[in-house]
2 protein chains.
Amino acid sequence: MIEPDNLFADIPSQLPEEMFTDLLSDGAFRLERIVSRGHTTPAGEWYDQAADEWVILLRGAAELLFEDEPGPVPLKPGDHLLIPARRRHRVHWTDPEQDTVWLALHRG
Amino acid sequence: MIEPDNLFADIPSQLPEEMFTDLLSDGAFRLERIVSRGHTTPAGEWYDQAADEWVILLRGAAELLFEDEPGPVPLKPGDHLLIPARRRHRVHWTDPEQDTVWLALHRG
């Protein structure tokens with residue numbers, strides 16, 4: 001009997017760090033779940049990735065900041081975007097009052 | 001200015017056929033959105049795919065049937081599963097009263 005997993009299950013009540021869980025991985029891509037609860041990228045740090053990343057926010061609320069953009073990009077459930085390789089970005093804000101659940105698909 | 005797309009937007013009010021929209025595609029994988037509104041796989045037909053498919057239901061409700069399983073697998077929002085290549089399956093039911101929105105990631 002097939003039992004699906006649920007993306008919104010298995011989230012601990014305490015979440016001192018952002019939570020990263022690989023869902024699928026092969027040589028070509030990696031799909032991961034990210035759970036944030038008020039977490040942000042540490043001040044002054046930027047993600048600067050060698051490969052494209054596609055990300056969708058499915059629960060909660062967040063703001064992404066791109067180094068080459070003037071202000072943060074707010075994200076609500078269902079919002080998705082492709083972050084090209086080497087486009088420096090950071091998680092500027094996630095809602096501290098609820099879980100923010102993302103799917104991220106990393107190329108390569 | 002970056003404007004995210006939204007997975008739950010741009011769904012026509014009339015949906016005579018199931019709707020398939022590629023979100024990302026390269027040689028290694030293809031990510032698509034599927035919107036169903038009471039649609040099912042035609043009677044007697046099975047999906048029999050050459051590559052693995054990962055699927056997640058994000059809105060609505062559905063049932064998948066696998067040829068080698070005795071009964072349908074109900075899916076609620078957040079439920080995801082990997083359908084291995086050549087595992088024959090069909091969409092047995094989707095809710096006619098609301099949109100069912102899926103993400104499907106096809107390998108290869």
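Of all the listed residues (A:G71, A:G108, A:G78), the sole one being free of Cβ contacts under 8 Å to residues at least 12 places away in the same chain and either exposed (fewer than 13 other Cβ atoms within 10 Å of the Cβ) or on the phi > 0 side of the Ramachandran plot (or both) is A:G71. Taking only pairs six or more apart or across chains, which ones have beta-carbon atoms under 6 Å, a first residue in the stretch B:10-39 that is open to solvent by 40 Å² or more (accessible area, probe 1.4 Å), and a second residue that is modelled with pLDDT under 95 and charged (D, E, K, R)? Pairs that qualify, where the first residue is open to solvent by 40 Å² or more (accessible area, probe 1.4 Å) and the partner is modelled with pLDDT under 95 and charged (D, E, K, R): there are none. Looking across the stretch A:64-94, the residues that are touching a Ser or Thr at 6+ places or on another chain (Cβ under 8 Å) and of a type outside the set (A, V, I, L, M, F, W, C) come down to A:R90, A:H92, A:T94.
If the condition is being at the interface with chain B (Cβ under 8 Å from one of its Cβ atoms) and under 12 Å from the mean Cα position of the chain (by Cα), then the stretch A:83-107 contributes A:L103, A:L105. Of all residues in the stretch A:45-58, none are surrounded by fewer than 17 Cβ atoms within 10 Å (Cβ to Cβ), more than 8 Å from every other protein chain (Cβ to nearest Cβ) and within 11 Å of the chain's Cα centre (by Cα).
The values are calculated or read from the model by the stated rules, or taken from the named source; none is laboratory data. Everything numeric here is computed off the predicted structure, so don't read it as measured data. Please note: Cβ atoms are built from the backbone with ideal geometry, for glycine as well, and neighbour counts cover all protein chains shown. The protein model used for the area step is the full one, side chains on, heavy atoms only, and it has no ligands, DNA or RNA in it. Shrake-Rupley method; radii C 1.70, N 1.55, O 1.52, S 1.80 Å.
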